[in-house]
Amino acid sequence: MTKRQVHLNLFIHSRGHHEAAWRHPDASPYLLTDFRYYEDLAKKAEAATFDSIFLSDILALGSDIEHTPRAVLDPIPLSGALAAITEKIGIIGTASTTYVEPYNLARQFASLDHISNGRSAWNIVTTASAAAAENYSANPQAQIEERYARADEFLTVANGLWDSWAKDAVLDDRANGQYTLPGRIEPVNHDGHFYHVRGPLTVPRSPQGRPVLVQAGSSEPGRAFAAKHGEAIFTAVLEKSAAQDFYRDIKSRVVALGRSPDQCLIMPGLSPVVASTETEANQYARDLDKLGNREVGLTRLSGAFGGVDLTHLDLDTPLSPEDFPDPRTLQGSISRPSLIVDLVRNQKPTLRELLFKLSGARGHYTFAGTPDQVADLMEDWVNDGAADGFNLMPPVLPKMLDAFIEEVIPELRKRGIFRTSYQGNTLRAHYGLKEPASRFD
């Protein structure tokens with residue numbers, strides 16, 4: 001019987017996913033604006049045959065910039081630069097449907113797919129930040145349903161534009177002066193509620209047909225959107241049971257929409273501390289936690305719940321769900337506050353314990369252990385209906401990526417659940433995704 005293979009994406013964030021990683025002596029010496037930092041990580045991930053790397057984005061500077069590095073490079077040009085220095089690994093860039101036009105974005109990602117020879121992906125976000133709205137002269141009061149309705153129409157336009165050229169449209173017959181074939185380029189003539197776009201795109205059909213579509217929403221509108229459009233789903237979970245519930249829900253929605261479940265990969269975030277013994281791993285995690293800034297953590301927790309005042313909560317008294325606003329009443333992101341409330345309900349941590357837990361990876365699953373224990377966890381989740389792979393979020397970069405590559409990857413390969421070499425050249429090949437059908441087929 002063929003064993004289920006683990007898909008692996010490297011999430012490049014700050015100097016690691018722990019909020020205090022930038023202060024740790026094992027963290028990269030490079031500034032986050034230094035391309036060498038990203039080049040080093042991308043090449044390491046490619047040498048280890050990761051499926052992809054992932055670049056997030058922020059559209060407004062946080063108030064905690066004095067004590068934590070939040071500045072990031074724009075993922076679109078960074079994706080192009082990384083494509084030029086790699087050959088096989090997929091490159092996922094983040095862009096918001098809220099603050100860009102479909103025609104612009106479709107051109108950018110079609111271009112990236114050509115530049116990378118078929119390794120591009122778009123992480124679709126629907127920005128809810130009021131601070132971002134102020135940067136883009138936009139209405140900050142858009143409800144979550146409206147944001148996803150806009151995103152759905154955005155995808156209709158973008159997919160149409162990516163499909164506006166047939167694969168064989170470019171003839172490039174220099175001798176006879178024929179550059180394209182007649183009838184193989186068509187406008188989209190989209191006339192919708194939010195967008196009016198004629199097309200066609202100025203960029204020919206890309207090597208993958210279109211970039212791989214990645215999504216990370218966990219709210220009800222986000223799950224519906226992910227099931228309809230997503231080809232890889234990144235999600236944050238704090239418990240295995242939550243990962244299994246999410247996995248079952250998304251896969252059932254995908255099937256209900258007539259899609260094949262293997263054409264939508266689910267990859268929860270995993271932030272492992274890896275050491276030769278469990279004691280050493282736990283000590284490393286504790287030392288990292290001690291570098292955290294409690295006030296920064298409290299501000300971030302408050303921000304997740306719409307800026308609610310949490311200063312009255314005692315650090316060492318067990319929390320209850322009633323200490324937080326109902327996530328369903330929030331107009332920003334709903335998924336992360338819901339995870340936090342579920343954790344509080346199930347584990348009853350103190351505020352101090354909750355802040356420590358969230359400092360590790362902002363609500364993603366954290367783990368400290370030996371290489372065998374990390375591999376056990378990954379194999380168990382993939383075989384027990386919790387994941388198709390993982391969005392790897394090393395707590396300190398590059399140290400914990402190096403440890404994962406040197407110690408965990410060989411264990412996964414020994415078990416026969418991770419590739420030893422790339423079998424294809426595109427991200428669709430790595431993920432096992434089909435090229436989308438064309439209107440010209």
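Placing a pseudo-label 7 Å from each Cα along the Cα-to-Cβ vector at Asp287 and Ser63 gives an inter-label distance of 3.4 nm. The ranking of Ile85, Ile409, Ile12 from fewest to most other beta carbons within 10 Å of each one's beta carbon is Ile85, Ile409, Ile12.
Among Val344, Val396, the ranking by other beta carbons within 10 Å of each residue's beta carbon, starting with the fewest, stands as Val344, Val396. Note on Ile85 and Glu295: the extension gain reaches 71.6 nm, defined as 0.36 nm multiplied by sequence separation minus the Cα-Cα distance.
Result for the chain in a Gaussian network model with C-alpha springs under 10 Å: among Asn176, Asn135, Asn282, the largest mean-square fluctuation is at Asn176. Around the amide H of Ser271, modelled in the peptide plane, lie the amide H atoms of Tyr365, Thr366, Phe367, Met393, all under 5 Å away and 5 or more residues distant in sequence or on another chain.
Separation of the range 89-168 and the range 291-320, taken as the distance between their Cα centroids, equals 33 angstrom.
For the cross-link pairs Lys251/Lys399; Lys43/Lys228; Lys3/Lys240; Lys43/Lys434, which exceed 24 Å when the distance is taken from alpha carbon to alpha carbon?
Lys251/Lys399; Lys43/Lys228; Lys43/Lys434
For the range 1-26 versus the range 387-405, the inter-centroid distance based on Cα atoms is 3 Å.
For a paramagnetic label modelled on Tyr422 (point 7 Å from Cα along Cα→Cβ), amide N atoms under 12 Å away belong, within the range 71-113, to 83-91.
For the chain, take the alpha-carbon Rg, divide it by the Kirkwood Rh, and send me Rg/Rh.
Using only Cα positions, Rg/Rh for the chain is 0.97.
By the beta-carbon count within 10 Å of each Cβ, the least crowded to most crowded order of Thr180, Thr68, fewest first, is Thr180, Thr68.
Of the beta bridges in the chain, as assigned by DSSP with both residues counted there, near 15 percent are antiparallel.
Neighbours of Leu10 by Cβ distance under 10 Å: Lys/Arg scored +1, Asp/Glu scored -1, total -1.
Where a number appears in this text, it was derived from the coordinates with a stated rule and is not lab data. What you see is a predicted model, and the numbers here were worked out from it, not measured in a lab. Ideal geometry is used to build each Cβ from the backbone, glycine not excepted, and the neighbour counts take in all protein chains shown.
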